[in-house]
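The values are calculated or read from the model by the stated rules, or taken from the named source; none is laboratory data. Since we're looking at a predicted model, the values are computed, not measured. Neighbour counts run over all protein chains shown; Cβ positions are idealised from the backbone, glycine included. The accessibility values were calculated without ligands, DNA or RNA, using every heavy atom of the protein model including side chains. Shrake-Rupley method; radii C 1.70, N 1.55, O 1.52, S 1.80 Å.
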Amino acid sequence: MPHSPSIHSMRLAGITRLVTAFAVTVAAATAVAQPVARADESRAALPRSTPERQGVASAAILDFVQSVDRDIDAMHSVMIVRHGHVIAEGWWAPYAPDVRHTMYSLTKSFTSTAVGLAVSEGLLSIDDPLLKFFPAEAPAEPSAFLKALRVRDLLSMSTGHHKEPVLSATPEWTKTFLAAPIDHKPGTFFLYNTPASYMLSAVLQKVTGQKTADYLQPRLFAPLGIDDLEWETSPEGVTIGGYGLHLRTESVARFGQLYLQKGLWQGTQIVPKAWVDVATSRQVSNGSNPASDWDQGYGYQFWRSRYGAYRGDGAFGQYCLVLPEHDVVIVITSGIKNMQVVLDLVFSKLLPAFSTNALKADPAGASALKSALAGLALHTPQGKAQGGADLVAGRRYVFPENDEKIEWLALERAADGTPTLVTRVAGVEQSLAMPLGRWATSRLPVPSTFFGQSLATSGAWTSDVTFAGTLAYYETPFKLNVRLTFTGDTLTYEREMHVGFGDPRRPVLTGKAQ
């Protein structure tokens, strides 16, 4: 899927070396919690209803939930809104309603909204040339294509770049973007381009005198009751418009419902209807595959989808899908590799279930759905609780010097028999409970852009000499799968991220028992 990895992957590589080694000394990242005033949650919250009252069979939603739970071992949350009412909501434990999730490129749709508001306030025009806002950062001799680059070209991902500019190698992101070669006439060539979204945020900061997050606070976040957000900033102090937003599931649903209602929220026009219409309509063609939801055209930081739908989405399966013809918003967070698979299940399982009229009440079906949603959980490693526990009890396995600064590892057993992974990394010791068949949650002391602070762990002996564990960083899409194989006095330590921007595998380490 076209979610650009260039900015993310360079930063991810360095952080992964520490976090995937169970380190607590993760370097602090650029994520900054923007101060947001408390909103009136009761006024902003979406009302709840049974599916049948809103014309949807509980059985159909249950079929969808069971399908994604069975076929996709990386679902984190789902919320379905019909006629303005939440008719189904569920979180795969350890994910939960009150936990923010990394949105990645779904952030872009919020940046688009800020641009639309600034346009409505007369602060800029989408036909303004980009260089108008950055005379000091421009090259000494700008190319003709750079001079022709307009705000609308940034919005529609048609900047003319043949390759996405790489911003992360320098703290001067704006100057780096403007120095990148433009190979095609702006407006004529589609390239999914996260740095273009960053430049939209930089333009907003120029014309408003505020970071995008602060500019949106009274105009969007407060009216929608979104007071849980976190939005990262660049080394230049600019809100990262292309990613970096962290929100709860219902906050995204409220945003989607706002767009479904053409910018109207509880009697107030929050976003101009004209902007909603233009931003969510096709502005540029991006392919011709009728079966792909990434070939249906692109608007202003919104994707067009099949079946008359549109969406904001983010890497590894973050979706805010709006289906105007059915008066539906579907929000999904996940950690998957193939994002098309989830949309295929939405359209095959749910689309046929949206009826025009209310349905007859189905208490049994509603109860079965409610029970299923309440019992959702990420799959845990399967095996035995004890296995080779006696084989390794009291043994500390020491590793040679390595880039990840992993000094030693031990697999101990708590008083209640729970396997406990103990490591020393960069001089810091950490213990993680790895229970069988359930998740143990903990809180890392240092926040990280990619992995957050919330961690859930589970493990099992898959044989008498092999222990498998999973670490779920449940503010993000990421899971780390580990395998410890004990052979005599030797430990082979293997690790692999469930999803990632680069190679998900970490170097295999070999330790010797002391």
**Prompt:** Largest first, what is the accessible-area ranking of Glu494, Glu172 with a 1.4 Å probe?
**Reply:** Glu172, Glu494
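Which order do Lys384, Lys132 take by accessible area at a 1.4 Å probe, largest first?
So the residues, ranked largest to smallest area, are Lys132, Lys384.
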**Message:** Per q in 0.19, 0.20, 0.23, 0.25 Å⁻¹, report the Debye log10 I(q)/I(0) for segment 260-329, using one uniform scatterer on each alpha carbon and no solvent.
**Reply:** -0.77, -0.85, -1.06, -1.19
**Request:** Give the accessible area for Asp416 in Å² (nearest 10); use a 1.4 Å probe, count only protein heavy atoms, and leave out ligands, DNA and RNA.
**Result:** 120
**Fill in**
Taking Asp464, Asp390, Asp313, Asp277 and ranking on accessible area (1.4 Å, protein atoms only), highest first, one gets Asp390, Asp464, Asp277, Asp313
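State to the nearest 20 debye the size of the charge dipole of segment 297-453 about its Cα centre, where the only charges are +1 on K and R beta carbons and -1 on D and E beta carbons.
280
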**Cβ-based charge dipole, the chain, positive-most Cα from Ile240, Pro290, Gln340** = Pro290
**Message:** Going Cα to Cα from Lys349, which lysines come in below 19 Å? Please leave out same-chain ones fewer than 8 positions away.
**Reply:** Lys370
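Using helices alone, I'd like the mean residue ellipticity at 222 nm for the chain: each DSSP H run of four-plus residues gives -39500 (n - 2.57), total over residue count, nearest 500.
Value at 222 nm, helices only, nearest 500: -7000 deg cm²/dmol.
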**Complete:** As straight-line cross-link partners of Lys185, the qualifying lysines (C-alpha separation under 21 Å, not fewer than 8 residues apart within one chain) are Lys132, Lys147, Lys163, Lys175
**Request:** Return the distance in nm (one decimal) between the two label points of a simple spin-label model at Ser125 and Ser288, each offset 7 Å from Cα along Cα→Cβ.
**Result:** 3.5
**Message:** If R₀ is 45 angstrom, what is the calculated FRET efficiency for the pair Leu264 and Ala140, using the beta carbon separation as r and rounding to 0.05?
**Reply:** 0.40
**Request:** Quote the relative contact order of segment 222-345 in percent (integer), defining contacts as alpha-carbon pairs under 8 Å separated by 6+ residues.
**Result:** 16
**Request:** Could you work out how far helix 249-260 tilts from the main Cα principal axis of the chain, as a 0 to 90 degree angle to the nearest 10?
**Result:** 20
**Prompt:** For the Cα atoms of the chain, what angle does the longest principal axis make with the long axis of helix 58-71, in degrees from 0 to 90, nearest 10?
**Reply:** 60
**Listed residues Ser168, Cys320, His83: farthest to the positive end of the dipole of the chain (Cβ charges)** = His83
**Item:** Partners for Lys405 among aspartates and glutamates (Cα-Cα distance below 19 Å; same-chain residues under 8 apart left out)
**Value:** Glu429, Glu494, Glu496
**Charge dipole magnitude, Cβ of K and R +1, D and E -1 - segment 329-393, Cα centre, debye nearest 20** = 100
**Request:** Could you give the size of the charge dipole of the chain about its Cα centre, using +1 on the Cβ of each K and R and -1 on the Cβ of each D and E, expressed in debye and rounded to the nearest 20?
**Result:** 340
**Item:** For segment 68-124, diffusion coefficient by Stokes-Einstein and Kirkwood Rh (Cα), 20 °C, 1.002 mPa s, µm²/s
**Value:** 150
**Message:** Of Val398, Gly469, Gly502, which is farthest towards the positive pole of segment 361-504's charge dipole, taken about the Cα centre with +1 and -1 on the beta-carbons of Lys, Arg and Asp, Glu respectively?
**Reply:** Gly469
**Request:** Give the Cα extents of segment 384-428 along the principal axes, in whole Å, largest first.
**Result:** 33, 18, 17
**Complete:** Between Ala88 and residues 5 or more places away or on another chain, the pairs with built amide H atoms under 5 Å apart involve Ile80
**Asked** Which percent of the accessible area of the chain is formed by carbon and sulfur heavy atoms (probe 1.4 angstrom)?
**Response** 52
**Request:** Enter the accessible area per residue of the chain (Å², integer; probe 1.4 Å; all protein chains in place).
**Result:** 37
**Asked** Using modelled backbone amide H atoms (1.01 Å from N, in-plane), which distant-in-sequence or interchain residues come within less than 5 Å of Leu247's amide H?
**Response** His101, Met103
**Asked** With a sphere of radius 12 Å drawn around the Cβ of Gly299, what net charge do the other residues whose Cβ falls strictly inside it have (Lys, Arg +1; Asp, Glu -1)?
**Response** +4
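Where the eigenvalues come from the Cα gyration tensor of segment 173-264, what are the semi-axes √(5λ) of the equivalent ellipsoid, largest first, in whole Å?
Numbers: eigenvalues 147, 56, 28 Å².
Value: 27, 17, 12 Å, ordered largest first.
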**Asked** Could you give the angle, 0 to 90 degrees to the nearest 10, between helix 194-208's Cα long axis and the longest principal axis of the Cα atoms of the chain?
**Response** 60
**Fill in**
Log entry: pair-distance distribution for segment 413-453, C-alpha pairs binned every 10 Å from zero, whole % per bin is 24, 48, 26, 2
**Asked** How far is the Cα center of segment 302-349 from the Cα center of segment 156-220, in Å?
**Response** 25
**Request:** Mind listing the long-range amide H neighbours of Ser143? Cut-off is under 5 Å, sequence gap 5 or more, other chains count too, H placed in the peptide plane at 1.01 Å from N.
**Result:** none
**Request:** Using θ = phi - 60° and the Karplus relation 6.51 cos²θ - 1.76 cosθ + 1.60, list the HN-Hα couplings for segment 321-331 in order, rounded to whole Hz, with x at every Gly or Pro.
**Result:** 9, 10, 10, x, 5, 10, 6, 10, 10, 10, 10
**Request:** Tabulate in residue order the Karplus-calculated ³J(HN,Hα) for segment 113-121, using 6.51 cos²θ - 1.76 cosθ + 1.60 with θ = phi - 60°, rounded to whole Hz; enter x for Gly and Pro.
**Result:** 4, 5, 4, x, 5, 5, 5, 5, 8
**Message:** What are the ³J(HN,Hα) couplings of segment 372-382, residue after residue, when phi is run through the Karplus curve with 6.51, -1.76, 1.60 and θ = phi - 60°? Round to Hz, x for glycine and proline.
**Reply:** 5, 5, 6, x, 5, 7, 4, 5, 9, x, 9
**Request:** Take every Cα pair under 8 Å in the chain that's 6+ residues apart, average their separations, divide by the length, and report that relative contact order as a whole percent.
**Result:** 19
